[in-house]
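Working notes for the structure below.
The values are calculated or read from the model by the stated rules, or taken from the named source; none is laboratory data. Remember, it's a predicted structure, so these values are computed and weren't measured experimentally. All Cβ positions, glycine included, derive from the backbone under ideal geometry; neighbour counts span all protein chains shown. SASA here: full protein model, heavy atoms, side chains in, ligands and nucleic acids out. Shrake-Rupley method; radii C 1.70, N 1.55, O 1.52, S 1.80 Å.
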Amino acid sequence: MNFIGSLLGTIGFVFGIPVGLFLGFLIFISTESTDVKIPFIRPLQELDRSSLVDILPEIPLWVKHPDYERIDWFNDVVRDMWPYIDKAICGMIKSLSEPIFSEYIGMFHLKSIDFETLTLGTLPPVVQGIKVHEMNENHLVFDLMAKWAGNPNITLVLKLLYFPIKVQLIDTQITAAIRVTLKPFVPTFPCFSNAQVSLMEKPEVDFGLKVMGGDLMAIPGLHNYVQRLIDEQVSSVYLWPQTLEIPILDASIGAAKKPMGILHVKVIRARKLKKMDIIGTSDPYVRLSLSGERISYKKTSVKLKNLNPEWNEDFKLTVKDPECQVLQLRVYDWEKVGVHDKLGMQVIPLNLLTPHEKKEFTMELVKNMNPNDPRNKKPRGSITVELNFVPFVEDTMGFNGPIDLFMKKETIPKTLESSYVNRAGLLVVTVIGAKDLDGKRHNNPFALVIFKGEKRKTKVLKKTRNPNWNEDFQFMLDEAPLEEAIHIEVISRRKNRAFRFVSSKETLGHVDINLVDVVYNNRINERYHLINSRNGEIHVDIQWNAT
């Protein structure tokens with residue numbers, strides 16, 4: 001009997017559940033409400049005028065304007081990061097508010113002002129569309145429409161005498177058209193050093209404000225007055241073309257700055273230098289360099305067996321930041337074998353100079369720039385130099401467009417000759433990269449720059465047909481290179497595996513660029529087809545900075 005009972009129970013379990021579910025489904029269908037209807041969705045073009053007016057403010061900007069793009073991916077990122085963004089913004093608000101609050105403490109019998117709660121809530125802002133306005137190699141400009149219907153909880157406690165007054169900000173709604181400029185581009189993440197933010201129109205701001213639990217915005221006329229006051233104050237500070245500049249990277253961390261001028265240095269003499277040789281003399285020379293530069297130093301000639309050398313030698317150095325850079329002077333004792341002994345050093349801040357005015361400095365040499373080092377008290381002699389900072393002329397010609405590449409000095413108008421031809425300057429050649437290089441044996445390219453007999457070359461990039469060098473080379477010139485051309489050749493080099501000192505080279509193409517167009521336009525940024533190459537191109541940026 002037990003067996004039969006168990007068998008019947010199993011059969012009932014196996015067949016009972018499907019039958020029960022089927023009967024339940026039939027009952028559910030028979031009792032389904034007839035009031036539920038499938039909504040009818042009408043196309044946008046079929047709506048009448050009043051319906052369109054009602055829904056138009058809620059339509060995303062990328063629907064109304066085809067030049068705006070939707071960026072749902074960006075909104076997803078902001079939503080995921082919002083808890084961390086909330087903490088960062090609230091921390092910034094606290095740090096900025098503390099000095100402002102401290103100014104009011106003591107006034108109107110205020111004892112203290114503190115945040116009781118400070119959070120922007122759980123709802124992040126939404127960007128409805130973005131439009132790229134302008135983009136080049138230096139900066140990016142784009143417009144975006146942002147909306148925020150947030151649930152912040154910001155409670156401020158003002159202690160008046162000994163009575164606390166709570167002011168609470170809630171239910172904030174903000175709509176703003178924002179223009180963002182990212183500049184300048186740098187090779188360090190996040191790839192730009194500053195962000196400039198402007199409002200393209202007056203923002204729409206709505207919020208609730210409670211004081212001691214009562215809604216202050218319910219007072220007739222106060223709501224509109226506060227909104228108008230906020231619009232006027234915010235617009236007066238941030239409405240375009242006024243901007244809020246947000247530094248992202250330190251200028252020294254970012255990329256190299258644009259050259260601003262030439263420092264002319266004349267090393268005149270040194271007096272009473274230290275005796276480093278056995279016979280009681282020294283063989284001094286001077287190294288010159290500017291702080292923040294990776295370019296190798298320049299140096300004077302060596303004066304043998306002389307503790308009071310006279311050099312009277314001239315040098316030119318490129319200045320990128322005259323307010324922060326310093327000229328570094330180091331005096332060494334030359335040795336035929338071994339390390340050269342350091343006789344002393346000194347620095348001169350460039351902000352002591354007035355442009356176009358020569359200034360002579362005579363300074364006592366020290367061991368190092370540590371003022372607490374007792375070794376700096378020992379006499380090491382002195383050095384005398386003459387400095388003259390000559391800034392570059394902005395927009396030297398004001399001409400924009402192609403000119404005759406075969407123009408000669410004799411054909412230049414006299415009114416322009418003194419302004420451009422006879423001026424010294426700095427030629428900066430930046431080899432950005434190449435494309436579609438085709439080597440028969442290998443593709444390990446580097447670029448060779450030849451100008452007036454000087455040769456400079458980039459680093460070698462291995463196994464690539466599209467190298468990106470982004471290296472610049474500087475040439476100091478006494479006059480504008482109107483009749484000069486620069487030769488750039490792309491070469492592939494591979495070392496022999498068996499004999500490392502033996503390498504094979506292959507020319508991948510070259511280009512010759514006349515510089516007259518650079519002089520008259522101050523700059524060219526072009527891609528050139530490589531001669532003797534099937535599809536190869538090279539991207540070059542050349543600038544002429546006249547003094």
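Between Ile178, Ile170, which is among the aliphatic types (A, V, I, L, M) and modelled with pLDDT of 80 or more? Just one listed residue meets the conditions, Ile178.
Pairing residues of the stretch 223-242 that are hydroxyl-bearing (Ser, Thr, Tyr) with residues that are part of a loop (DSSP other than H, G, I, E, B) and at pLDDT 70 or above, at Cβ distances under 7 Å and at least 6 apart in sequence or on separate chains, gives Ser235/Lys202.
Of everything listed in (1) open to solvent by 70 Å² or more (accessible area, probe 1.4 Å); (2) out of contact with any Leu (no Cβ under 7 Å at 6 or more places or on another chain), the single unmet condition for Lys457 is (2).
Pick from the stretch 305-320 the residues that are among the basic types (Lys, Arg) and either in a strand (DSSP E or B) or over 14 Å from Leu350 (Cα atoms) (or both): which of them is nearest to the chain's Cα centre (by Cα)? Step by step, filter the stretch 305-320, then rank; the result is Lys316. Residues in the stretch 155-188 that are among the β-branched types (Val, Ile, Thr) and within 14 Å of Leu123 (Cβ to Cβ) were compared, and the one that is nearest to the chain's Cα centre (by Cα) is Ile174.
Okay, residues lined up against (1) modelled with pLDDT under 80; (2) in a strand (DSSP E or B):
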residue: Asn75; (1), (2): no, no
residue: Ile89; (1), (2): no, no
residue: Ser97; (1), (2): yes, no
residue: Phe108; (1), (2): yes, no
residue: Phe115; (1), (2): no, yes
residue: Thr122; (1), (2): no, no
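Of the residues screened, Gln325 is one that is without any contact (Cβ under 8 Å) to a residue 40 or more places away in the chain, polar (S, T, N, Q) and open to solvent by less than 20 Å² (accessible area, probe 1.4 Å). Within the stretch 296-312, being under 23 Å from Phe475 (Cα atoms) and surrounded by 18 or more Cβ atoms within 10 Å (Cβ to Cβ) holds for one residue alone: Thr300. Residues in the stretch 340-354 that are in a loop (DSSP other than H, G, I, E, B) and either under 17 Å from Thr300 (Cβ atoms) or open to solvent by 60 Å² or more (accessible area, probe 1.4 Å) (or both): His340, Thr354. Within the stretch 266-280, the residues that satisfy the criterion of being open to solvent by 30 Å² or more (accessible area, probe 1.4 Å) and more than 16 Å from Met345 (Cβ to Cβ) are Lys266, Arg269, Lys275, Asp277, Ile278, Ile279. Collect the residues in the stretch 124-158 that are assigned to a loop (DSSP other than H, G, I, E, B), touching a Lys or Arg at 6+ places or on another chain (Cβ under 9 Å) and at pLDDT 80 or above, keeping them in residue-number order. Listed by number, the residues that qualify are Pro124, Pro125.
The set of residues in the stretch 500-547 being hydroxyl-bearing (Ser, Thr, Tyr) and part of a strand (DSSP E or B) consists of Ser503, Ser504, Thr507, Tyr528.
Evaluated against (1) under 17 Å from Ile486 (Cβ atoms); (2) buried (at least 21 other Cβ atoms within 10 Å of the Cβ); (3) more than 31 Å from the chain's Cα centre (by Cα), Tyr520 falls short on exactly one condition, (3). Checked against (1) in a loop (DSSP other than H, G, I, E, B); (2) farther than 23 Å from Val393 by Cα; (3) open to solvent by less than 70 Å² (accessible area, probe 1.4 Å), Val337 passes all but a single condition, namely (3). Counted as qualifying within the stretch 382-497 are the strands (runs of 3 or more DSSP E) with 3 or more residues that are under 30 Å from Pro309 (Cα atoms) and modelled with pLDDT of 90 or more, namely 382-391. Residues in the stretch 190-224 that are among the hydrophobic types (A, V, I, L, M, F, W, C) and assigned to a loop (DSSP other than H, G, I, E, B) were compared, and the one that is most open to solvent (accessible area, probe 1.4 Å) is Met212.
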